[in-house]
Structure formats: C-alpha cells, structure tokens
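The values are calculated or read from the model by the stated rules, or taken from the named source; none is laboratory data. Since we're looking at a predicted model, the values are computed, not measured. Methodologically, a virtual Cβ is constructed for each residue, glycine included, from the backbone with ideal geometry; neighbour enumeration extends over all protein chains shown. Ligands, DNA and RNA are excluded from the accessible area calculation, which covers all protein heavy atoms including side chains. Shrake-Rupley method; radii C 1.70, N 1.55, O 1.52, S 1.80 Å.
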Amino acid sequence: QVQLVESGGGLVQAGGSLRLSCAASGRTFSSSAMAWFRQAPGKEREFVARINWNGGSTYADSVKGRFTISRDNARNTVYLQMKSLKPEDTAVYYCAADTTGWGTRTSTYMYQDWGQGTQVTVSS
C-alpha cells in the first residue's frame, strides 16, 4: 500500500497558476504510475493527468497545454503544475497510485491508492 499526501491547493484568480504536490510513502514509488484526478461538487471524479514509471504522460483534453504532470523519484513526489486556470478547474484534486506502471489508464477503479485531496478554487 502507498500512502499519499497532497498539498498546494488554494484560491487563485482566473488566469493564475498553482502547483500541487503529492508525497508518497510505502511500496516502491518509482515503479508505479501516478495520476491526478479531480471532483467538482455534484460531479463524478474525473481524470486529469497520469505519468508512467518512465515519465510518459497522458492528459485530459480539458487540461492539455495548461497542466503539466511530473515526478521526482528521489523525493517520492509527483507534481501537477497548473497554468491559465479557469473557474471550471475548481475542484478537489486527488493524487492516485497505480501498480501498473505503464499505459493510458484513466479510470478511477484502476488505481489502488488515493490521497485525501486538496481544494483548488479558481475565482472569475
């Protein structure tokens, strides 16, 4: 099992930037794929971005060109750099770990471990 702790959320104006971090502990981080999901009030949790063990990444169409996922295996940390934020990006953002370290797996049931979430609010 992997323990995940997110940080970096907050309130930002539209057009602004935030960087989320997710610190992992437990089993081997470097062989796992890591991802970010988000859930807005009244909506289902949705995929945002994924980074495989080798650095290959996948993004939701809604965030392509604005968000960047990265990982630092020496620090057991994954990041989500968010730019040009929009009010519709407002949500609780969750970090997730997948023992299948490759592929474009974007469904929530494919991920075994989850963080507690961090709130991102974008004001217009």
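The residues of region 71-94 that are open to solvent by less than 10 Å² (accessible area, probe 1.4 Å) and over 16 Å from G10 (Cβ atoms) amount to a single one, V78. When residues in region 38-86 are screened for being under 17 Å from L4 (Cα atoms) and of a type in the set (S, T, Y), 3 of them pass.
Based on this model, can you work out whether E44 counts as acidic (D, E) and within 12 Å of the chain's Cα centre (by Cα)?
No; evaluated as a whole, the condition is false for this residue.
One residue alone among T68, T28 is open to solvent by 30 Å² or more (accessible area, probe 1.4 Å), hydroxyl-bearing (S, T, Y) and modelled with pLDDT of 95 or more, and that residue is T68.
Under the condition of being of a type outside the set (D, E, K, R), open to solvent by less than 20 Å² (accessible area, probe 1.4 Å) and either over 15 Å from D113 (Cβ atoms) or touching a helix residue (DSSP H, G or I) at 6+ places or on another chain (Cβ under 9 Å) (or both), the residues counted in region 36-48 number 2. Among the residues of region 49-60, some residue qualifies, meaning at least one is free of Cβ contacts under 8 Å to residues at least 12 places away in the same chain and open to solvent by less than 60 Å² (accessible area, probe 1.4 Å). Only one of the numbered conditions (1) of a type in the set (V, I, T); (2) over 18 Å from G117 (Cα atoms); (3) within 10 Å of the chain's Cα centre (by Cα) is not met by T58, and that is (3).
For region 102-111, indicate whether the set of residues that are basic (K, R) and over 26 Å from G15 (Cα atoms) is non-empty.
yes
For region 96-105, the candidate set comprises residues that are under 15 Å from A23 (Cα atoms) and touching a Phe, Trp or Tyr at 6+ places or on another chain (Cβ under 6 Å); within that set, the residue that is surrounded by the most Cβ atoms within 10 Å (Cβ to Cβ) is A96.
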